[in-house]
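Working notes, structure below.
The values are calculated or read from the model by the stated rules, or taken from the named source; none is laboratory data. Owing to the predicted nature of the structure, the values given are computational and were not obtained by experimental measurement. Please note: Cβ atoms are built from the backbone with ideal geometry, for glycine as well, and neighbour counts cover all protein chains shown.
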Amino acid sequence: MFLGLITLGVTILSLFGMIKEMKRKNVFGAGFAFVSVAVFGWFSVRTLFAVIFTGGGGVVA
């Protein structure tokens, strides 16, 4: 659960960074921020889903 919340925090910070870099018209920085949002966002959603609906971070069978 803690790992899911940490990665969710990283996702939110990356989202703010992406918006900031888009305002500066820095495509390279915005691209890296977008990739970070996509990867960490997906990981946090799947981790929290596994903890909440399957009862733990174990292997889903």
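Couple of notes before you dig in:
- The set of residues from the range 13-36 being among the aromatic types (Phe, Trp, Tyr) and surrounded by 16 or more Cβ atoms within 10 Å (Cβ to Cβ) comprises just one member, PHE34.
- Qualifying positions in the range 1-11 - more than 16 Å from PHE32 (Cβ to Cβ) and in a helix (DSSP H, G or I): PHE2, LEU3, GLY4, LEU5, ILE6, THR7, LEU8, GLY9
- Checklist (1) surrounded by fewer than 16 Cβ atoms within 10 Å (Cβ to Cβ); (2) at pLDDT below 95 applied to VAL39, failing item: (2)
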